[in-house]
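Visitor: Structure below; questions to follow.
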Amino acid sequence: MKLKDWIKTIIFYEILVGMNATLRHLLHYKPITLQYPHEKRSLPDSYRGMLSLLRYDDGTEKCVGCDLCEAACPSRVIKVISAEVPGEPTKRYAKEYYMDMTRCLFCGLCVQACPVDALGMTREYEWAVYDKRHLYLNKEQLLAIGDRAFPVREKRLELQHPNVAFFNVAFTHLPPKDN
Amino acid sequence: MALKPVTTPDIEAATVELSIDGRTVSAKDGVSLYDVISSTGKIVPAMCYHYTFDPFGSCGMCLVTVEGKKAPVRSCTAKAAAGMVVRTDGDDLFQARKKAVEKHLSVHPLDCPVCDADGHCELQDMAFHHQVTNLANAKQKLIPEDTRSPVLDFNMNRCIACGECINVCKDVLMIDALQFIKKGGFTQVVAKGDTALACEFCGDCLAVCPVGAITNKFSKYLYKPWQLRKTTTTCNYCGDGCQMHLETKDNEVVRVTSPLSWKNKWGDRADTAKGHGGICVRGRFGFQYIDSQARLRQPLVRRNGTLPEGELVETPWLEAMQAVVDRLAEVKAAHGAQAIAGLITARCTNEELYLFQKLMRAVIGTNQLDSSSRYGHLNFVRAVRHTLDVGRMTNDCEDITKAKAILLVGTNITETNPLTAVRVKEAIRVYKSQVIVVDSAQTNIAKLASYPMIVTPGTEGLFVQGLVKSVIEQDLIDAETTGKHPEAFAALKRAVADVSLEAIAARTGVSVEHINEAASIFAEAPRAIILCAEGIVRRPDGYQNVLKLVDLAWITGKLGRPGSGVNTLTEEVNEQGAVDMGAAPEYLPGQARFDDEAARDKFAKAWGAALPAPSSGANLMEILERCRSGAIKALYVVGENPVATLPASLEVRAALEQLELLICQDPFLTETAQMAHIVLPACTYAEKEGTFTNLEGKVLRVRQSMDPIGESLPDWHVMTSLASGLGSQFEYESSQDIQSEIMKLLPGYYNLGEPRKLSPKPDAYLSNGYVAEVGSRYGVVREAVSERNGHRPFGLVMGQLLYHSGKLSTQASGLITIAPSAGRLHMNAQDMERLGLTEDSRVRVTSGQGSLEMGAKADLSVMPGSCFFPEHFNDPPVKDLMPVEVDSVTGVPYFKFAWVSIEEA
């Protein structure tokens, strides 16, 4: 026993045990740390990153200014100012739309609340800025994020499927009713 | 539509007993079962029901089971009967109601996200409560939105055909502007005749619409109900003082709603005697002036000399106030307190009116002050104060609703005071009241009245004289009240002895039989109300004519009898408060006479200052006269606009140009403010706290609903700092502090909602002074201001439109959209045809005062031989055509009527 203990002391056995993992990795080098920003992780589709506003395939904004996102938001990020579409008095849209991203907790409730899927969560997360005010995004900025993050756009609701409940349609554009 | 017995107090219905959910309930026979169920506290869901009108029974939600009936019945249209056994709950009823909701939803567009009613929608609530999650056979109506009306949009896809809008319009407001129509396979609500809606635009249909089928154009798509902050306040347009909710979003008024709504649909029909809770077009759609771009945001001081070369420059408050204080002190030091005068508008709160007169009297030391009640309301107050020892109308609005006869003299009540008009309408509809309307136009109320008496313009007072004569001639007098004062009655008899009914009939254009009929209807009614307004108090001899109305009420025994009395209507919201707060040279607060020693001592002690001498006061006309003569050097104008209101013949502009210092305090740069040396930006009622006193003496709260626009300040705040600058310590930090001072000085004034019942006390006057005065009252009967003669055949009346109130409402873009300043003379169609005029022709209107050119338009309400121009617009300045006469007793200027000639220009 005594000799065994003595040899262990000589060869720093405890340290070897403690450094086991370290020494093993010294030989079999396989890094886990990503060399951000040179390397980036691949993110799942359900990743909840930067918010964006989306468009239909004809380039029109999806948002109808219903204000449900503002109501759903737990940290009062969103501010919607709605109005009638100029020249199309039966349609509603968001005249102004603001998101204060300094307050956002990326819970995604606004996306769930949106009845027309006008909001999307992108996989963007690189939003460090020098000035906090740059995180107060307006409608144009949010649409631009949507444009670059979601290149594939949906058809307008009324063109998707005959059974889809659609609204915010100018009645003058409707097909004539067959008798 | 048949009325429910419970609502008509004159019909006695037998009491029956029935069982509801096992409880025995007693109710009147034949009453709607729904009402009986709600009276037990049980709320059965219903979408088409509202207590203000009769059950319609279209929504199919209020299902209950009645023993003996196989299927559930609609409780609203079922009548309560003896021995009924009713069940209101149960799974079968729930499923039946759920079916009804599904039926409505299956043709509903489900466009909640864009609908303005989202979150404030009964159909949404019902779908939620009944857990409707799946619709089997949904289809879209695809009806284009009806956007023809300037105010309301009708989206008939969302309509559930509950008929509430039609019923409220027809039954409660008696306007009947909406109807159902079958179009495109669906029942739709459209304006009568399927045209663009052109009605009174009260918006009560909008208020009762349980879904988003009717939307407000001025706030459409601008909000969601949960974004809005709701403040209950008092409307500041007319004297009705309606309660309403200002709904704001980010310091911006988005819409105005009323207590009338589908949300509070449960009530007793008898409650509508306290008011149905609606508001009129001015209240609902005239809010845009509050945050208008034209609002003053900074004090303005005239630099580089005085008028006309100097210009108004934006100046910080501190500097502007310093200038006001310095220059006022300068004037006072150089010329004494008598060189300073003040005018205030009756759209200020009671607290501000009180503070204004205290500032003028106790700090500056002058009794030269007046308010806009001088334009007419003071005629009434002075007359009833003199004869009956009361200072306002003696009845409340409930008395008007329940009256059996209503005499409306010289009032276009549906235009000037729309909500008091609703009470008159309710009197006609529910209480079967006889209404006598004496006016020179075919007004809306005259169309509903049982006795419309259309008189020659300017002869309303003469007609009253005819009524007095007729009552005496037909021996309709009340022996009890006249018996108490035989001498006075004898004097009255002597005074009217020379009055000839035939002569009156010839001049008023109403036959003797009609005068007699009106007199007997009025005299024989158990509850009879007189309502007089602009046609009496704003026309020559207004004071005397009110006295004649008091005579009429006295000899028919209506004075002091419950539910009867002499009443008036006020044009601006706080005219009554202005008199009560002493903003008139003849009255101290509480309508104490200014020369009454006891009252003077009381207020002098309370204010810690000596009051100006009793005879030194000056009213509006005298103030202008003294400005012209140079006796007054400085004028402090709060919200008033005499330049734009008074005719040019009074030379107001010249009088104000004489002044060394003109200070205007106003939310807008008015014509008067444009002449001022210093303009201070004031807040509107939405930005301050306070109270208004409405025409029936109710003191109503005004609540702050938003932050002041720009750097504007409440009037009381400005006056407090002004007083402090002038060396008096006014220690008010809020309008509450002023209120507590008024409470101490006028105990019982703040009745908040329940005015003290006033009982007229005519005895002192009748036994003392009446005999001497009455002789001359009926003696001289003059015709209107300028004698009618051959070459001036048309009576030109300047009056109010429903869509406007004073000059203030012309700043509200919504009301301007509805009724723009067209600069057109309203004429009778026959007259136009006779003169060869068409809708596009221009006419030249000439009076003794001058001549103007303007457009003409046919107006169905204008009678032949008269014409009308709205007083709100000075384009062209029709007011300048008016001759001015000043009442010798009350100093009220009369300038609303002229005889003119009209020819094609």
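Visitor: Name every residue in the range B:857-874 that is open to solvent by less than 40 Å² (accessible area, probe 1.4 Å) and without any contact (Cβ under 8 Å) to a residue 40 or more places away in the chain, in order of residue number.
Guide: Hit for the range B:857-874 is B:ASP859, nothing else.
Visitor: Something else: Might you check whether a residue that is within 29 Å of B:PRO144 (Cβ to Cβ) and at pLDDT 95 or above occurs anywhere in the range A:133-143?
Guide: Yes, that holds for at least one residue.
Visitor: Which of the residues spanning the range B:87-126 are open to solvent by less than 20 Å² (accessible area, probe 1.4 Å) and among the β-branched types (Val, Ile, Thr)?
Guide: B:THR88, B:VAL101, B:VAL114 - these are the residues of the range B:87-126 that are open to solvent by less than 20 Å² (accessible area, probe 1.4 Å) and among the β-branched types (Val, Ile, Thr).
Visitor: Let me ask you something else. Mind counting the residues in the range B:94-123 that are without any contact (Cβ under 8 Å) to a residue 60 or more places away in the chain and closer than 27 Å to B:SER219 by Cβ?
Guide: Matching residues across the range B:94-123 total 7.
Visitor: Is the range B:308-315 home to any residue that is of a type in the set (Val, Ile, Thr), more than 30 Å from B:LEU531 (Cβ to Cβ) and in contact with a helix residue (DSSP H, G or I) (Cβ under 9 Å, 6 or more places away or on another chain)?
Guide: Looking through the range B:308-315, at least one residue is of a type in the set (Val, Ile, Thr), more than 30 Å from B:LEU531 (Cβ to Cβ) and in contact with a helix residue (DSSP H, G or I) (Cβ under 9 Å, 6 or more places away or on another chain).
Visitor: Can you confirm whether B:SER500 is free of Cβ contacts under 8 Å to residues at least 60 places away in the same chain, among the polar types (S, T, N, Q), under 18 Å from B:ASP551 (Cβ atoms) and open to solvent by 10 Å² or more (accessible area, probe 1.4 Å)?
Guide: When the stated conditions are applied, B:SER500 passes them.
Visitor: Only one of these conditions is not met by B:GLU480: (1) modelled with pLDDT of 95 or more; (2) more than 23 Å from B:GLU571 (Cβ to Cβ). Which number is it?
Guide: It is condition (1) that B:GLU480 fails.
Let's see how each residue does on (1) touching a residue at least 24 places away in the same chain (Cβ under 8 Å); (2) closer than 18 Å to B:LYS358 by Cα:
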position: B:LYS605; (1), (2): no, yes
position: B:PRO612; (1), (2): yes, yes
position: B:ALA618; (1), (2): yes, yes
position: B:CYS627; (1), (2): yes, no
position: B:GLY630; (1), (2): yes, no
position: B:GLY639; (1), (2): yes, yes
position: B:ALA644; (1), (2): yes, no
position: B:SER649; (1), (2): yes, no
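Visitor: Could you please give the count of residues in the range B:801-812 that are open to solvent by 10 Å² or more (accessible area, probe 1.4 Å) and in a helix (DSSP H, G or I)?
Guide: Going through the range B:801-812 one residue at a time, the tally reaches 3.
Visitor: Does any residue of the range B:73-90 turn out to be part of a loop (DSSP other than H, G, I, E, B) and within 14 Å of chain A (Cβ to nearest Cβ)?
Guide: No, the range B:73-90 contains no residue that is part of a loop (DSSP other than H, G, I, E, B) and within 14 Å of chain A (Cβ to nearest Cβ).
Visitor: Also: Looking at (1) open to solvent by 20 Å² or more (accessible area, probe 1.4 Å); (2) more than 29 Å from A:PRO115 (Cα to Cα); (3) away from chain A (no Cβ under 13 Å); (4) among the small types (Gly, Ala, Ser), find the lone condition where B:GLY163 falls short.
Guide: (1)
Visitor: Next question, about the same structure. Identify the single condition in (1) outside the structural domain of B:GLN544 (by TED's automatic domain parsing); (2) in contact with a strand residue (DSSP E or B) (Cβ under 7 Å, 6 or more places away or on another chain) that B:GLY410 does not satisfy, given that it satisfies every other one.
Guide: (1)
Visitor: List, please: which pairs have Cβ atoms under 9 Å, are six or more places apart or on different chains, and start with a residue in the range B:226-240 that is over 14 Å from B:GLY286 (Cβ atoms) and end with one that is surrounded by 22 or more Cβ atoms within 10 Å (Cβ to Cβ) and basic (Lys, Arg)?
Guide: B:LEU228/B:ARG255
Visitor: To continue, here is another question. Take the residues in the range B:57-86 that are within 15 Å of B:VAL36 (Cβ to Cβ), small (Gly, Ala, Ser) and out of contact with any Phe, Trp or Tyr (no Cβ under 9 Å at 6 or more places or on another chain), then tell me which one is surrounded by the most Cβ atoms within 10 Å (Cβ to Cβ).
Guide: Here the answer is B:ALA80.
Visitor: Follow-up question, since we're still on this one. Residues B:GLN736, B:GLN704, B:GLN665, B:GLN674: which one is surrounded by fewer than 20 Cβ atoms within 10 Å (Cβ to Cβ) and under 25 Å from B:ARG303 (Cα atoms)?
Guide: Numbers: B:GLN736 fails: under 25 Å from B:ARG303 (Cα atoms); B:GLN704 fails: under 25 Å from B:ARG303 (Cα atoms); B:GLN665 fails: surrounded by fewer than 20 Cβ atoms within 10 Å (Cβ to Cβ).
Checking each option against the conditions leaves just B:GLN674.
Visitor: Test of understanding: among B:SER724, B:SER734, B:SER712, B:SER705, which residue is without any contact (Cβ under 8 Å) to a residue 24 or more places away in the chain and polar (S, T, N, Q)?
Guide: It is B:SER724.
Visitor: In addition: Which of the helices (runs of 4 or more DSSP H) contained wholly in the range B:442-488 include at least 2 residues that are within 23 Å of B:VAL797 (Cα to Cα) and in contact with a helix residue (DSSP H, G or I) (Cβ under 8 Å, 6 or more places away or on another chain)?
Guide: Hits in the range B:442-488: B:444-448, B:460-473.
Visitor: Among the polar types (S, T, N, Q), over 19 Å from B:ASN216 (Cα atoms) and open to solvent by 10 Å² or more (accessible area, probe 1.4 Å): does that describe B:THR133?
Guide: yes
Visitor: Something else now. Quick test of your reading of the structure: B:ARG834 fulfils all but one of (1) closer than 18 Å to B:ASN412 by Cβ; (2) without any contact (Cβ under 8 Å) to a residue 12 or more places away in the chain. Name the failing condition by number.
Guide: Tallying (1) closer than 18 Å to B:ASN412 by Cβ; (2) without any contact (Cβ under 8 Å) to a residue 12 or more places away in the chain, B:ARG834 fails exactly one: (1).
Visitor: Does the range A:63-81 contain at least one residue that is under 30 Å from B:SER149 (Cβ atoms), under 17 Å from the mean Cα position of the chain (by Cα) and more than 9 Å from every other protein chain (Cβ to nearest Cβ)?
Guide: The answer is yes, given that some residue of the range A:63-81 is under 30 Å from B:SER149 (Cβ atoms), under 17 Å from the mean Cα position of the chain (by Cα) and more than 9 Å from every other protein chain (Cβ to nearest Cβ).
Visitor: Please state which one of B:LEU815, B:LEU825 is crowded, with 22+ Cβ neighbours inside 10 Å and out of contact with any helix residue (DSSP H, G or I) (no Cβ under 7 Å at 6 or more places or on another chain).
Guide: Exactly one residue qualifies, and that residue is B:LEU825.
Visitor: Please give the number of the condition B:PHE154 fails out of (1) open to solvent by less than 10 Å² (accessible area, probe 1.4 Å); (2) touching a helix residue (DSSP H, G or I) at 6+ places or on another chain (Cβ under 6 Å); (3) hydrophobic (A, V, I, L, M, F, W, C).
Guide: (2)
The values are calculated or read from the model by the stated rules, or taken from the named source; none is laboratory data. This one's a predicted model, so the numbers in the text were calculated from it and none came from an experiment. FYI the Cβ positions are ideal-geometry reconstructions off the backbone, even for glycines, and counts take in every protein chain you see. Side chains included, ligands, DNA and RNA excluded: accessible areas come from the protein's heavy atoms. Shrake-Rupley method; radii C 1.70, N 1.55, O 1.52, S 1.80 Å.
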